[in-house]
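Remarks on the structure that follows.
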Amino acid sequence: MNQSKIHNFLIQNVSTLNGVGIKTKKLLKKKKIEKISDLLWNLPQDFVDRSNVQTLDKLEIGKITTIKVKVIKYNFPRIRNLPNKVICGDKTGKIDIIFFNCREGYIRKILPLNSLVIISGKINCYKKKYQITNPSYVVPIDKENYVNKIIPKYSLTEGLTEKIYRKLIDQVLKNITDIPEWHNNDVLKKIGNVSWLESIFYIHNNKENDLNSKFYKRLAYDEILANLLVLSQVRKRVKKFKKKIKVFDNRLSKKIISNFSFSLTSDQTKVIEEINKDLKSDFKMFRILQGDVGSGKTIVSFIAASNVIRSNWQVALMAPTEILAKQHYNLATKIFKSTDVTIKFLSGKSDLKEKKLIQENLINGKINFLIGTHALFQKNILFKNLGLIIIDEQHKFGVKQRIELSNKGGKECDILLMSATPIPRTLVLAIYGDMDISKLKEKPMHRKDIITLSKPEEKIDEILFFIKKQIKNGNQIFWICPLIEESKKLDYSAAVKKYNQLSKIFTKKVGIIHGGLEKDEKNKVLNNFLCKSINILVSTTVIEVGIDFPNANLIVIENSNKFGLSQLHQLRGRVGRGTVQGTCILLYKKNLSDNAKKRIKILKSSNDGFFIAEQDMKLRGFGDVLGYQQSGIKDFKLADPIQHEDLFKIAEQNIKDIEYDETNFKKYDFLLKLFDKVDIINQIN
Ligand code: ADP
Ligand code: MG
């Protein structure tokens, strides 16, 4: 078969394979297997060694064993619920083969009296006799090869047996032969010098197989490169758009900078310059601003906004939550005060009248700057001339959503994403390879590292004492209650309970906020906290992202071992934003696991979000790390950023070489198709 034929075969629906009827198709779909190639990516998780053929005197209970025996006698009881039994034997002994729920006729067919058969299954013992119950394989002696070997075990779903799956895999493997290599020799040598086909065959047929075998690594490398290729292509296409350059002087931005009570850090200045260069160029900006919590991303984006507004374009800023959006709005109104910039707030909860007015004034261009939640991008929200979209805390965006966003803004619209999720270096290109990257490494000058302590819950009295002192000094405190269960209701109730407890001790000084509150109530509580009429804010993790309370300097995190490292770091970043020293207290229940102890130790030792993210990835495996789940990085089916760091590095160099000469891309067409990436690239318009 040539490449395109093989490809056509691989992208066909599984139902074109022999043996896939409606039922199997449904079961496969449950495992997200729809196309034939999906079958191949579902790699075996484990193996059963059926090459272990034993005579009946050497059986071991509990072991999966293959035996060669003669069928001696049937025992089919006529009583319901009793299993059918077939007695078999070899020169050395006898064994009972037991069948539950299996018809007599079928048993007679697969185990004809006096015939020699191969049976494979787990050996157990009943009333001092060896037996195999519902054997996995029963085959005539002439088909010995079929069972006498290592059988891969896949992660499957109920109703879909290993046997069916194996047959499908064999069918697919038989159909793919002779695929031309897409990597050049140099790269091939670095990754183990095995072909894709060899690797697929090996992985689906062998026992010795781990993430670091050259066969697995070959497949993982293909996956990594396919991802980089897509991002590289996306980037190229976005860059091809010619937009009108934005023309502005620095009068407006200077004015708003002068409204700050501080001066910009040199990183902030540098990033602003990077952004300005993009705005003034004739290609579309597609940029991500990465910066740890508290590094001062928001004002950078406001300055960008001011420049775009100054050049007579509109700006939209979207935040992930209502509270955060509102806070941005409030800050923007403050720092754009005494300018002629018109700023409006829009969320799903805005009332109809307000919404209508906003719609009108967006179309006629009276609104310069719209801030809100994802409601900004509803179909009926139309701009006169949108020139910049800013997305805050975008770690929930994968490449697909970024493309959608770019399309939504249109050709003239620049895009700035902001993220506080620190990405381990290995992954930066694999996650953001489609974008230009700006970084805020330096924290604002006055910002001190947050002191992090841990305390068992029994010592809560010490903490309450500490809180009293803090309140006396006019400081404010967050008290975080974690998710108790998956259920949000329980989550709220834990927070409410804590609120009641603390209210008894600190009368009229405590407020509570959680996802179950109405908007008005939420705002009231937040305002009370902002204007210091309460000192303690009990909260679920709703305050996790972005919110800025410069006066809060203590955060207590209950049951802290329930949170991931990166999440704790984000939470901790809520305090110490003003000039007072910030403190974070991690409360824990007795008997911490080793892993939990390690996490607490890491947090105590470092305030560096980047370091913490890497440690987090190492401790938990990258798949579970907060923020990566929806970042698109989960798209990796095979590659593992921890195990395959070397492969990521090779791919980084490889993609540079490929980009150097555009004609190179063609070679990887098949690879992109294999990984289902072609559609993504074509979505850009
Ligand atoms: P993040 O990067 O987490 O979004 P913010 O933009 O919310 O950070 O900024 C955190 C706090 O630091 C805010 O109160 C902001 O006003 C303040 N800030 C930002 N830049 C500076 C600076 N250069 N000097 C001092 N404070 C700053
Ligand atoms: Mg922020």
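Among the numbered conditions (1) without any contact (Cβ under 8 Å) to a residue 60 or more places away in the chain; (2) surrounded by 24 or more Cβ atoms within 10 Å (Cβ to Cβ); (3) under 12 Å from Gly387 (Cα atoms), the only one that Ala332 does not meet is (3). For region 344-368, taking the residues that are β-branched (Val, Ile, Thr) and open to solvent by less than 20 Å² (accessible area, probe 1.4 Å), the one that is farthest from Asn307 (Cα to Cα) is identified as Ile358.
All of Val538, Val525, Val542 fail the test of being modelled with pLDDT of 85 or more, in contact with a Gly (Cβ under 9 Å, 6 or more places away or on another chain), part of a helix (DSSP H, G or I) and of a type in the set (A, V, I, L, M), apart from Val525. Only one residue in Lys448, Lys439, Lys411 is open to solvent by 40 Å² or more (accessible area, probe 1.4 Å), within 16 Å of ligand 1 (Cβ to nearest atom) and out of contact with any helix residue (DSSP H, G or I) (no Cβ under 8 Å at 6 or more places or on another chain). Which one? That would be Lys448, the only listed residue that is open to solvent by 40 Å² or more (accessible area, probe 1.4 Å), within 16 Å of ligand 1 (Cβ to nearest atom) and out of contact with any helix residue (DSSP H, G or I) (no Cβ under 8 Å at 6 or more places or on another chain). When Thr298, Thr269 are screened for being within 15 Å of ligand 1 (Cβ to nearest atom), open to solvent by 20 Å² or more (accessible area, probe 1.4 Å) and under 23 Å from Pro424 (Cα atoms), only Thr298 passes. Determine whether region 99-111 contains at least one residue that is in a strand (DSSP E or B) and crowded, with 19+ Cβ neighbours inside 10 Å. Checking region 99-111: at least one residue is in a strand (DSSP E or B) and crowded, with 19+ Cβ neighbours inside 10 Å. Residues of region 298-315 that are hydroxyl-bearing (Ser, Thr, Tyr), touching a Gly at 6+ places or on another chain (Cβ under 9 Å) and under 17 Å from Phe260 (Cβ atoms): Thr298 alone. Among the residues of this structure, Ser199 does not count as one that is among the polar types (S, T, N, Q), within 25 Å of Asp661 (Cβ to Cβ) and assigned to a helix (DSSP H, G or I).
When the residues of region 25-51 are filtered to those that are polar (S, T, N, Q) and open to solvent by 20 Å² or more (accessible area, probe 1.4 Å), the one that is nearest to Phe636 (Cα to Cα) is Asn42. Scanning region 389-402 for residues that are more than 16 Å from ligand 1 (Cβ to nearest atom), open to solvent by less than 10 Å² (accessible area, probe 1.4 Å) and at pLDDT below 85 yields a count of 2. Remark: pairs (first residue in region 176-199, within 19 Å of Glu645 (Cβ to Cβ); second residue modelled with pLDDT of 90 or more; Cβ separation under 6 Å; 6+ apart in sequence or on different chains) = Val187/Asn654; Lys190/Ile650; Ile191/Lys217; Ile191/Arg218; Ile191/Tyr221; Gly192/Lys214; Gly192/Lys217; Gly192/Arg218. If the condition is being within 16 Å of ligand 2 (Cβ to nearest atom) and either in a strand (DSSP E or B) or surrounded by fewer than 18 Cβ atoms within 10 Å (Cβ to Cβ) (or both), then region 369-388 contributes Ile371, Gly372.
Kindly establish whether Ile164 is out of contact with any Asp or Glu (no Cβ under 6 Å at 6 or more places or on another chain) and outside any loop (DSSP other than H, G, I, E, B). For Ile164, the condition - out of contact with any Asp or Glu (no Cβ under 6 Å at 6 or more places or on another chain) and outside any loop (DSSP other than H, G, I, E, B) - is met.
The numbered conditions (1) in contact with a Leu (Cβ under 8 Å, 6 or more places away or on another chain); (2) open to solvent by less than 10 Å² (accessible area, probe 1.4 Å); (3) within 16 Å of ligand 1 (Cβ to nearest atom) are all true for Ile303 except (1).
Screening region 313-323 for residues that are open to solvent by 20 Å² or more (accessible area, probe 1.4 Å) and in a loop (DSSP other than H, G, I, E, B) and picking the one that is nearest to Lys519 (Cα to Cα) gives Thr321. Does Gln327 meet the test of being open to solvent by 10 Å² or more (accessible area, probe 1.4 Å), within 16 Å of ligand 2 (Cβ to nearest atom), modelled with pLDDT under 95 and not in a helix (DSSP H, G or I)? Considered against the rule, which asks whether it is open to solvent by 10 Å² or more (accessible area, probe 1.4 Å), within 16 Å of ligand 2 (Cβ to nearest atom), modelled with pLDDT under 95 and not in a helix (DSSP H, G or I), Gln327 comes out as no. Out of curiosity, is Lys277 free of Cβ contacts under 8 Å to residues at least 24 places away in the same chain, within 16 Å of ligand 1 (Cβ to nearest atom), open to solvent by 10 Å² or more (accessible area, probe 1.4 Å) and over 30 Å from Val575 (Cβ atoms)? Considered against the rule, which asks whether it is free of Cβ contacts under 8 Å to residues at least 24 places away in the same chain, within 16 Å of ligand 1 (Cβ to nearest atom), open to solvent by 10 Å² or more (accessible area, probe 1.4 Å) and over 30 Å from Val575 (Cβ atoms), Lys277 comes out as no.
The values are calculated or read from the model by the stated rules, or taken from the named source; none is laboratory data. Quantities reported herein were computed from a predicted structural model and do not represent experimental measurements. Neighbour counts are summed over all protein chains in view; Cβ atoms, including those assigned to glycine, are modelled from backbone coordinates with ideal geometry. Please note that ligands, DNA and RNA were not included when accessible areas were found on the heavy atoms of the full protein model with its side chains. Shrake-Rupley method; radii C 1.70, N 1.55, O 1.52, S 1.80 Å.
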